[in-house]
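Asks: Below: one structure in structure tokens.
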């Protein structure tokens, strides 16, 4: 499989980033949920710090993914009604936006709470805002709201992919999978 | 001529003894920083008293006394403050104050070293406090630092005794405008 996208299939770079980010998002939502439900204590600190490290990893991959997309055009979409193409387009860019907005609101929330972010204990990230209890609440609300938006957009994305694969039978899913002829 | 030289020496000596001095939270800040989950954060104590009696001509006698109301700990994170005030850390109900006392001073470069004893949570350990005195607008400015290992004072029991997620070393910094006593 070539690194770059062909006219019918994503290359391994785009595919790798797509599936790696999906795996990290599943891990990330799980860590966040566990941490959120734990009582205040060491275990919660540990889970939350892993959540932050994974979040920064997702942010870094999102930067790479956006840069890659800039230089490597996606394969052509199968024929579909204009409104579906538009919704798919908006949904994709909404997902890209969330890959930035979720880590950044989490990062700002950490700074506002005076719990600076470290990436796996290897590097400390700067605080872009000073500690502020009110702003912490604002970014916490935003972070939680955006997670729910993520669930909706990912649900729509998966439903659309399955519809193309099993109802339209246009082979759209193969574009994001290795090894199969479309 | 001799008198003139004497006056010049006096004028050039900013640390000339001006009697005992004092400061509290309205005269500056007493801060500390520590590592939590790989990231350095800063907190402060918002109620404390400092008394300094340092005659540069007689540094072997004098005193530096600091009394800190440990319940005033403020890391701008209510959850963390609650844990720090609690039984695993400062145990503020049984040990409401941390106390430092030094009875002599040593010249170190442009500044001073106060070898003294710090008592936290009923545990007393020798620690040196380093500081400089600079003439400020109206009041001399005392600026300095110290560092300690929290576990040596029993700060961190149970799950918090591990240094994997909360570092042992704590750095203290202060900057105070010293007021005349009385």
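Asks: Let me have the relative contact order for chain A, percent, based on Cα pairs under 8 Å that are six or more residues apart.
Replies: Numbers: 185 pairs, mean separation 42.5, N = 182.
Relative contact order here is 23 percent.
Asks: If the label point is 7 Å along Cα→Cβ of residue A:3, which residues in region A:62-92 have backbone nitrogen under 19 Å from it?
Replies: Of the residues in region A:62-92, A:62-75 have backbone N under 19 Å from the label point off residue A:3.
Asks: Divide, for region B:19-180, the radius of gyration over alpha carbons by 2.2 N^0.38 Å, where N is the residue count.
Replies: Working: Rg = 15.9 Å, N = 162, 2.2 N^0.38 = 15.2 Å.
Normalised Cα radius of gyration, region B:19-180: 1.05.
Asks: Quick one: P(r) of chain A from all Cα-Cα pairs, 5 Å bins, percents rounded to integers, in order of increasing distance.
Replies: 1, 7, 14, 19, 18, 14, 10, 8, 6, 3, 1
Asks: Test of understanding: ordering B:72, A:111 by Cβ neighbours within 10 Å, fewest first, what list do you get? Intermediate results must be reported in sequence, preceding the final value.
Replies: On the way: B:72 17, A:111 22.
Neighbour counts put them in this order, fewest first: B:72, A:111.
Asks: Right, here's the next one. Top mean-square fluctuation among B:91, B:25, B:36, Gaussian network model of chain B, C-alpha springs under 10 Å?
Replies: Ranking B:91, B:25, B:36 by mean-square fluctuation puts B:36 first.
Asks: What relative contact order, as a whole-number percentage, does region A:82-182 give when Cα pairs under 8 Å and 6 or more residues apart are counted?
Replies: Relative contact order of region A:82-182: 23 percent.
Asks: Also, quick follow-up: Between residue A:96 and residue A:60, what is the label-to-label distance in nm when each label sits 7 Å out along the Cα-to-Cβ direction?
Replies: Here the modelled spin labels are 2.2 nm apart.
Asks: Among B:139, B:57, B:71, which one shows the biggest mean-square fluctuation in a GNM of chain B, springs joining Cα atoms closer than 10 Å?
Replies: Between B:139, B:57, B:71, it is B:57 that shows the largest mean-square fluctuation.
Asks: In deg cm²/dmol, rounded to 500, what helix-only [θ] at 222 nm does the protein assembly as shown give when every DSSP H run of at least 4 residues adds -39500 (n - 2.57) and the total is split over its residues? Present the calculation step by step, with values, prior to reporting the outcome.
Replies: Working: 6 runs with 137 residues, N = 364.
Using -39500 (n - 2.57) per qualifying helix, the result is -13000 deg cm²/dmol.
Asks: Does anyone have the angle between helix B:2-12 and the longest principal axis of chain B? Alpha-carbon axes, 0 to 90°, nearest 10?
Replies: Tilt relative to chain B: about 20 degrees.
Asks: Shielding of A:41-54 by partners, i.e. mean partner chain Cβ atoms within 10 Å per residue?
Replies: Details: counts 6, 11, 2, 1, 9, 4, 0, 1, 5, 1, 0, 3, 2, 0.
The mean count of partner-chain Cβ atoms within 10 Å per residue comes to 3.
Asks: Peptide B:165-173: average number of partner chain Cβ atoms within 10 Å per residue?
Replies: Numbers: counts 6, 2, 0, 0, 0, 0, 0, 0, 0.
So the per-residue partner count for this stretch is 1.
Asks: Here is a further query. If I model a spin label as a point 7 Å beyond the Cα along the Cα-Cβ vector, how far apart are those points for residue A:37 and residue B:29 in nm?
Replies: 4.0 nm
Asks: A follow-up question, please. Per residue of B:72-80, what is the mean number of Cβ atoms on other protein chains within 10 angstrom of that residue's Cβ? Don't jump to the answer; show the numbers that get you there.
Replies: Working: counts 0, 0, 2, 4, 9, 7, 3, 6, 5.
So the per-residue partner count for this stretch is 4.
Asks: Oh, and also: Binned at 5 Å from 0, what are the whole-percent values of the Cα-Cα distance distribution for region A:1-103, short to long?
Replies: 2, 12, 18, 19, 16, 13, 9, 6, 4, 2, 1
Just so you know, all these numbers are worked out from the coordinates, no wet-lab data involved. Given the structure is predicted, the values throughout are model-derived calculations rather than measurements. We place every Cβ from the backbone using ideal geometry, glycine too, and count neighbours over all the protein chains shown.
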